[in-house]
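The values are calculated or read from the model by the stated rules, or taken from the named source; none is laboratory data. Because the structure is a prediction, the values reported are computed rather than measured. Cβ placement follows ideal geometry from the backbone for every residue including glycine, while neighbour counts extend to all protein chains displayed. Ligands, DNA and RNA are stripped out before the accessible areas are found, and what is left, the full protein with its side chains, is counted by its heavy atoms. Shrake-Rupley method; radii C 1.70, N 1.55, O 1.52, S 1.80 Å.
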Amino acid sequence: RQRQMCIRDRYFTVEDDGLKHRWAGNVWMNHPYGLIPNREWTRKIIAEYNAGHIKQACFICNASTSEGWFQPLYNYPMCFIAGRMKFIPGSGQHESTAGKGSAVIYLGPHVERFAQHFGGLGRIMVPYLLTGTQCPICERRFTPKRRDALYCGQACNQKAKRQRQKQ
């Protein structure tokens, strides 16, 4: 089976090993389940987003809420898919059903759009940000003054903007 990941109109197959490449722009990730641990894909997409290489990303993964690799994902909006996902392989001949529940995780500034597009698939969960969160630029803990605040202050907001513009 050929699994693919699209990055800036580029698709990485299992053979390409997407972990070895820099990710940029808007990313959809459906990583190759079981071949490389989930934690590697989770670390990669969060690192690329925090570095400002990715403007926004959605990715589907097992909703393994008790696993250590899943814990950092609670910092981002997600959709817990109702029921089990059905996947159609590249041949398009038959569907396979996921062995576990799935979640789609969103990294980016357009949480409302994410909720509108994915809300019909399941329950949208957004992190509770009123008491302390971590700034993705400087990694300091801060208490947001606005619910949609992504950065601890103007300096980090400007740094993130410059990083996005370099792309």
(message) For a quick check of understanding: with a 1.4 angstrom probe and all protein chains in place, what accessible area in square angstrom does R164 have, to the nearest ten?
(response) 80
(request) Give me the distance between the Cα centres of segment 8-85 and segment 149-167, rounded to whole Å. (result) 22
(request) List the lysines whose Cα lies under 30 Å from the Cα of K161, skipping any in the same chain that are fewer than 8 positions away. (result) K20, K44, K55, K145
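If packing is taken as the mean number of other Cβ atoms within 10 Å per residue, what is the order of 148-157, 22-31, highest first?
Working: 148-157: 14.9, 22-31: 18.1.
Listed from highest to lowest mean packing, they are 22-31, 148-157.
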(message) Under the rule of at least 5 residues apart or a separate chain, name every residue whose amide H is placed under 5 Å from the amide H of M29.
(response) C58, F59, I60
(message) Could you derive backbone 3J(HN,Hα) for segment 50-55 from the dihedral phi with the Karplus parameters 6.51, -1.76 and 1.60 (θ = phi - 60°), listing whole Hz in sequence and x where the residue is Gly or Pro?
(response) 5, 6, x, 6, 9, 6
